[in-house]
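Single-structure report; data block below.
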Amino acid sequence: MPMSLPMPMLSDERRSEIRRILRAERSVSVEELAKRFCVSPSTVRRDLDRIADDGMIRRTYGGAFLMENLSSELPISLREHENTDAKHAIARAAVKLIRDGDTVILDTSSTVTAMVPLLHELDGLTVITNGIKTAYLLNSDSKITTVCTGGRLREHNMSLVGMQTVRRLGEMNADIAFLSCRGLHLTRGVTEASEEEAEVKRAMLSAASRAVLLCDSSKIGQVLMNQVAPIERFYAVVCDSELPPEYEKGLARAGVQTVVIPKNEMNQQKDETNHDGRK
């Protein structure tokens, strides 16, 4: 019986994996990546050129290396293509926590932004956001009232930040806030790379009656410089199926509900992504 060959990665999946390798190893070679992914060197060079266009890496003869000034916080244009299956599955679970008529706060993270297309299924929502992209995507839906916080544009993240943003959030009240993070640690809490983003997220927490953290497994155990809040400040954490058991137990001890995406739903999301990518 002939041996079946593994299904090749989609280009977006391959580039996401190359980014992960770069963050771990700091540099890569075209030859090594071509062997690793069973593709031609020219395919790898095109992948590296695409990643270089986003500003994450600098190309060299025969490879690339990670730009040091972006190692702590990647642009939103890169992050929205990472762990996409987990982010979309998390977004579907998170939307179930919203009721018709709610006032909802959304941050600008790529995981929370994945919720936006699903909000059109609900009626009478008011959405408060500091995200330029989020506001743009919601603007076409007459059933949703979209409120921008105002503030200074942070192009790196397409977010509004600063004292005006924090002050405006301090004047608002919401039923529920959805935030993501760069790191989740049982004792160090929820952390961010940017001090300004952390400050805005603290203001969002204060404005909402309940706060939900959306977190794919790549953030688990990570600790960055700026704390947003301790874990017990959140009503619930929605994570993918790879949430370690010690984190489920630790969150339960802190009184935080956990919503873990079943593995079959993760597999279904991956199948849907692969199918759409091959149309």
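Numbers at a glance
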item	result
All positions within segment 170-197 that are assigned to a loop (DSSP other than H, G, I, E, B) and of a type in the set (A, V, I, L, M)	172, 186, 193
In segment 110-132, residue modelled with the lowest pLDDT [restricted to those that are among the small types (Gly, Ala, Ser) and more than 15 Å from residue 203 (Cβ to Cβ)]	110
Those helices (runs of 4 or more DSSP H) lying entirely in segment 14-106 with at least 2 residues at pLDDT 90 or above	30-37, 41-53, 84-95
In segment 145-167, residue nearest to residue 196 (Cα to Cα) [restricted to those that are hydrophobic (A, V, I, L, M, F, W, C) and in a strand (DSSP E or B)]	161
Filtered residue count, segment 213-256, keeping only those that are assigned to a strand (DSSP E or B) and more than 20 Å from residue 157 (Cβ to Cβ)	5
Residue in segment 239-252 that is out of contact with any Lys or Arg (no Cβ under 8 Å at 6 or more places or on another chain) and at pLDDT below 75 present	yes
Flag if residue 224 is at pLDDT below 90 and under 20 Å from residue 108 (Cα atoms)	yes
Leading residue by the ranking (surrounded by the most Cβ atoms within 10 Å (Cβ to Cβ)) among those in segment 174-198 that are out of contact with any helix residue (DSSP H, G or I) (no Cβ under 7 Å at 6 or more places or on another chain) and among the aliphatic types (A, V, I, L, M)	198
Which numbered condition residue 159 fails, given (1) under 15 Å from the mean Cα position of the chain (by Cα); (2) closer than 25 Å to residue 240 by Cα	(2)
So residue 112, is it buried (at least 20 other Cβ atoms within 10 Å of the Cβ) and touching a Lys or Arg at 6+ places or on another chain (Cβ under 6 Å)	no
Residue check for residue 155: surrounded by fewer than 22 Cβ atoms within 10 Å (Cβ to Cβ), at pLDDT 95 or above, more than 22 Å from residue 93 (Cα to Cα) and among the charged types (D, E, K, R)	no
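The values are calculated or read from the model by the stated rules, or taken from the named source; none is laboratory data. Note that the structure is a prediction, hence the values are computed from the model and not measured. We place every Cβ from the backbone using ideal geometry, glycine too, and count neighbours over all the protein chains shown.
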